[in-house]
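A short write-up of the structure that comes next.
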2 protein chains.
Amino acid sequence: MSKDTRLARVAHVLVHMSFNEGTATSETIAAMLDTNPVVVRRIMGALREGGYVSSERGPNGGWRLERPLREITFLNIYRAFDPGSPFTIATSDDHPKCVVERAANRALSLALSEATARFEQSLAKITLDQLLPRKT
Amino acid sequence: MSKDTRLARVAHVLVHMSFNEGTATSETIAAMLDTNPVVVRRIMGALREGGYVSSERGPNGGWRLERPLREITFLNIYRAFDPGSPFTIATSDDHPKCVVERAANRALSLALSEATARFEQSLAKITLDQLLPRKT
DNA sequence: TCTAATCGTAACTATTACTAGTACGATATT
DNA sequence: AATATCGTACTAGTAATAGTTACGATTAGA
């Protein structure tokens, strides 16, 4: 599988939108990300459900940032994508009744959930305004 | 991508081998995992490089556990597979010179490496003898 | 020395779970 | 009515493990 880069890309986009009165069209954003407007609509659509951006159709439409950068965290964005496990590693279920397999799965699941919790803690500490270039 | 279940599967196998004087053939193990002997050879071959098992060819050959269960951790097994990042999430590199993208990548990388460290810490605490059924 | 058991490995396909892209429809402004 | 813009169903591409086939290399033992 190719890696999921949506979080990094959309964080990038939202910061740039804030430079432009908080608005942009899918077309403009797609050019920024070297991709297709449809990809942008999919990614931004997920954020819309969380209330971080809104969209309008028709001429002069596009996307608008609905919250200041300091009120949006990486965790907010991450969760907006409705993620499953962020790991490439999973338990096995060849023999669900085998006590050894179950013990192995239990141990692995615990390690995965501890690491996931740590990941989310770290994401929660990152707000988008931290990505702004320093004004010297 | 489908998920990587090698760690859970091979942990399961090694514990079962310990019940049988520490030996088994690829054929036997494949039956245990509902798979093909070639898949088993691939997985076990990685462990051989770490010295956790050895193999012998010819009649009466097969795989032998070379260390007691309590001396093999999930981290040992995990590392034997020469893993890349265990995450499905990665940074983006659409515009490597954009300071905003770089700041976003830096923040995300930190979160990923903190979570990876936590994952490995958890794996290191799990030894295979912890998977043995309790003798009552 | 022949036979059979067993691992070693290359090559190919299947599966899975994405992301990327195409096409076209819906909506809103002018 | 024309055009800009988002919405979305469908298809294609991608990358990883898993599975399969085929065949070669090695070794025990009759």
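The values are calculated or read from the model by the stated rules, or taken from the named source; none is laboratory data. Since the structure is predicted, the reported quantities are computational estimates derived from the model, not experimental observations. All Cβ positions, even for glycine, are placed from backbone atoms using ideal geometry, and neighbour counts span all protein chains on display. Side chains are part of the model used for accessible areas, which takes the heavy atoms of the whole protein and leaves out ligands, DNA and RNA. Shrake-Rupley method; radii C 1.70, N 1.55, O 1.52, S 1.80 Å.
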Long-range neighbours under 8 Å by Cβ, at least six apart or interchain, first residue on the phi > 0 side of the Ramachandran plot within the range B:51-66, second more than 11 Å from DNA strand D (Cβ to nearest atom) and open to solvent by 50 Å² or more (accessible area, probe 1.4 Å): B:51/B:66; B:51/B:67; B:62/B:25; B:62/B:28
Evaluation of residue B:72 against (1) more than 7 Å from every other protein chain (Cβ to nearest Cβ); (2) within 16 Å of DNA strand D (Cβ to nearest atom); (3) out of contact with any Gly (no Cβ under 7 Å at 6 or more places or on another chain) (one fails), failing number: (2)
Any hit, the range A:91-110, residues being open to solvent by less than 40 Å² (accessible area, probe 1.4 Å) and touching a Phe, Trp or Tyr at 6+ places or on another chain (Cβ under 6 Å): no
Looking only at the range B:32-57, and only at residues there that are within 14 Å of chain A (Cβ to nearest Cβ) and within 11 Å of DNA strand D (Cβ to nearest atom), the one that is most open to solvent (accessible area, probe 1.4 Å): B:34
Considering residues of the range B:75-114 that are within 13 Å of DNA strand C (Cβ to nearest atom) and not β-branched (Val, Ile, Thr) only, the residue farthest from the other protein chains (Cβ to nearest Cβ): B:93
Residue tally, condition open to solvent by less than 10 Å² (accessible area, probe 1.4 Å) and more than 7 Å from chain A (Cβ to nearest Cβ), over the range B:1-15: 3
Leading residue by the ranking (farthest from the other protein chains (Cβ to nearest Cβ)) among those in the range A:16-31 that are more than 9 Å from DNA strand D (Cβ to nearest atom) and open to solvent by 80 Å² or more (accessible area, probe 1.4 Å): A:21
